[in-house]
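Below is one structure, written out as structure tokens; comments come after it.
The values are calculated or read from the model by the stated rules, or taken from the named source; none is laboratory data. Remember, it's a predicted structure, so these values are computed and weren't measured experimentally. We place every Cβ from the backbone using ideal geometry, glycine too, and count neighbours over all the protein chains shown. Side chains included, ligands, DNA and RNA excluded: accessible areas come from the protein's heavy atoms. Shrake-Rupley method; radii C 1.70, N 1.55, O 1.52, S 1.80 Å.
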Amino acid sequence: MTLPARTLALFISDLHLQEAYPRTLDAFFAFMEERAMAARALYILGDLFEYWAGDDDLDAPLHRRIAASIRAVSDAGIAVYWIAGNRDFLVGQAFADAAGMQLLGEPHIAEIGGQNIALVHGDAQCTDDLKYMAFRQQVRQPAWQAQFLTMPLAQRKAIIANLREGSKEAHSTKTMEIMDVTPQAIDALFAATGTKVLIHGHTHRPALHERDGKRRYVLPDWEPDAEPPRGGWIAIGEGGAITRHDLDGKVIG
């Protein structure tokens, strides 16, 4: 299915782009060239990269290609917005300038199609995962980030590699429920933002949850090589209708 020509906004997250997954890269570049160009705005809600060690890694050929792809969309007059994920929270103004996108804090409230929509990556709402929440609080501190970014790039990448291995081991012992958002955190987010619609990623559990007159849309992660293939996006049409799409652009329930 082809998206409407006047799509107001598109939302993606959790692509985890890296050289090891060329089909995901191909799917991303095709999305940017074909789908994003038909929208008025594109929101990237975190974890576009498998990891980001700092904006001084922008010189890597793949990173330059990704930045150029986003810049092409921006240069076409489409507003591009970024919310940090748990893998790429070190993306800074240098990358944003190269890509022609605007960095947003979270939660961010976007007015699209006559409705206010709360946007987050989603990791801050996984409040039952106490170890991760403590880690998140530490690494999101400006002082911690400033100190980390003074290290040589190679050293930062080595530290991140060790953290990723530790994360894989920790995930193997955690239940999906612990790694998912909690109802209490979602209720608090709705109350704090005064919205009735929320879009987020992070959990890799795409769905539409409806409760008490509120709707929570969860974006999918991308892995075209999986069986069945995973990936997709959320679109808001000119009339304000919100639809979920798979990698082929088909509307899913």
Problem set entry | Surrounding net charge for PRO107, when Lys and Arg each add one and Asp and Glu each subtract one, Cβ distance under 13 Å | -1
Seminar exercise, completed: Placing one equal point scatterer on each C-alpha of the stretch 138-253 and summing with Debye, one gets log10 I(q)/I(0) at q = 0.10, 0.14, 0.23 Å⁻¹ equal to -0.48, -0.87, -1.24
For this session: Please report how far the C-alpha centroid of the stretch 25-41 lies from that of the stretch 157-236, rounded to the nearest whole angstrom.
Result: 22
Seminar exercise, completed: Most packed first (mean Cβ within 10 Å per residue), the peptides 109-121, 22-34 order as 109-121, 22-34
Problem set entry | Cα coordinate range in the stretch 172-229, projected on the principal axes (Å, largest first) | 39, 25, 16
For this session: Could you tell me the convex hull volume per residue, in Å³, taken over the Cα atoms of the chain?
Result: 127
For this session: Using packing as a proxy for protection, rank 157-165, 83-91, 241-249 so that the peptide with the highest average count of other Cβ atoms within 10 Å comes first.
Result: 83-91, 241-249, 157-165
Problem set entry | For MET37, solvent-accessible area (1.4 Å; no DNA, RNA or ligand), Å² | 80
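How would LEU208, LEU130 rank on accessible area, largest to smallest, probe 1.4 Å? Present the calculation step by step, with values, prior to reporting the outcome.
On the way: LEU208 65, LEU130 125 Å².
Solvent-accessible surface, decreasing: LEU130, LEU208.
Based on the alpha carbons, how large is the Rg to Rh ratio for the stretch 35-82 when Rh follows Kirkwood? Before the final figure, lay out the partial values.
Numbers: Rg = 11.5 Å, Rh = 11.6 Å.
So for the stretch 35-82, dividing Rg by the Kirkwood Rh gives 0.99.
Taking the Cα centre as origin and putting +1 on Lys and Arg beta-carbons and -1 on Asp and Glu beta-carbons, what dipole magnitude results for the chain, to the nearest 20 debye?
On the way: 25 positive and 33 negative charges, 82 e Å.
Dipole about the Cα centre, nearest 20: 400 debye.
So how many Lys-Lys pairs in the stretch 119-253 land under 18 Å Cα to Cα, not counting same-chain pairs under 8 apart?
Values: LYS131/LYS168; LYS131/LYS174; LYS157/LYS168; LYS196/LYS214.
Qualifying lysine pairs in the stretch 119-253: 4.
Expressed as a whole percent, how much of the Cα-Cα distance distribution for the stretch 94-202 exceeds 20 Å? All intermediate terms of the calculation are to be shown ahead of the outcome.
Numbers: 3309 of 5886 pairs.
That fraction is 56 percent.
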For this session: Compare GLY201, GLY166, GLY77 in a GNM of the chain, Cα atoms joined below 10 Å, and give the one with the largest fluctuation.
Result: GLY166
For this session: Name all residues of the stretch 111-126 having a backbone nitrogen under 17 Å from the label point set 7 Å from the Cα of ALA241 along its Cα→Cβ direction, giving them as ranges.
Result: 113-115
Exercise. What relative contact order, as a whole-number percentage, does the chain give when Cα pairs under 8 Å and 6 or more residues apart are counted?
Worked result: 24
